[in-house]
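Below: one structure, written as structure tokens.
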Amino acid sequence: DRVTKAYARPSLMPWGRPRSTPILHGISFALARGETLGIVGESGSGKSTLGRLALRLSTPTGGRILYDGQDINALTPAGLRAYRTKMQMIFQDPHNSLDPSLTVGMSIAEALDIHRSELGATERSERVGALLSQVGLSPTCATRRPHEFSGGQKQRIGIARALAVEPELIVADEAVSALDVSVQAHILNLMRDLRDALGLSYLFIAHDLAVVRRMSHRVAVLYRGRIVEMADRDDLFTRAQHPYTRMLLAAAPRRGTHHAPATEMPLAAPGPGGQGCPFHARCTLRQPHCAEVDPPSRTIAPGHEVACHLV
Ligand code: SF4
Ligand code: MG
């Protein structure tokens, strides 16, 4: 079926200015239709850059990102427009993604106009109403403005707007981290139901392990621009092998004691980039050669890859 495959090698400089340390390095994974790959990591680990690359909002300096076998970095402007109708982003802050001067209906219709310009006025407002219903809101919300809605409702509107173009892939970057935990659960359930009903694929980026666990089929753990471990969800949460993954799991708040949105952990001061294990400065198990030799990613069980000299 349709597969997005991302290779980013040897280094990526997506902001268009030279950096001595690559933001992402040696990233390789595939995403299938209907699948959710969780991308978890600390602030600054490169998660958002990965999402931006998949949407071609940033361009890598090396490597390939294939969608349906086509390299998205080699698309013509027309090809890029067509590609953009297949993917959408859901942002952390729904307040910023909705224009406060437009009614909710106008915001959603704007997305429809770009991709379904053939629709007449009646069909268009019917489609807006249907999209609002699909995300659990009343079609009458179309005439109201964003400030009249709660954070969770605004995120539903953001999702309706994303669905307007009938995307195949959604990049959700911290889609629920600005919401209260009780509201998070509702939005995650909605996103899961939509995925299953519409066959959507998600790149689900979050720093909160509980949220990633709830949503993902597979999880990739990013540390300083590398995937240090990738596995099926249950393998990752019960049989994690990489010292960094284990540290994250040990630090994660337990279910039931988690009342506030988790804050991102600060990133350790960067060491010399691109050499040795990216985690060596913080690893309690490090060996003398860990700082010198880059640990290759090894498959230790079906679908379970780890990059650590000890594993
Ligand atoms: Fe720790 Fe070495 Fe493994 Fe890196 S390669 S995680 S420093 S033991
Ligand atoms: Mg980010």
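Gain on full extension, evaluated as 0.36 nm per residue between Asp234 and Gln287 minus their Cα-Cα distance, stands at 16.2 nm. Maximal additional length on extending the Ala250-Gln70 stretch stands at 60.8 nm, based on 0.36 nm per residue less the C-alpha distance.
Largest first and in whole Å, the equivalent-ellipsoid semi-axes of the chain read 35, 22, 17, each the square root of five times a Cα gyration tensor eigenvalue. This ranking places Met89, Met247, Met191 by how few other beta-carbon atoms lie within 10 Å of each, fewest first, which gives Met247, Met89, Met191.
Potential lengthening of the chain between Met106 and Arg192 amounts to 28.4 nm, from the contour at 0.36 nm per residue minus the alpha-carbon distance.
FYI, it's all coordinate maths here, none of it is from the lab. None of these values were measured; they are calculated from a predicted model. Positions of Cβ are backbone-derived with ideal geometry, glycine not excepted, and every protein chain shown enters the neighbour counts.
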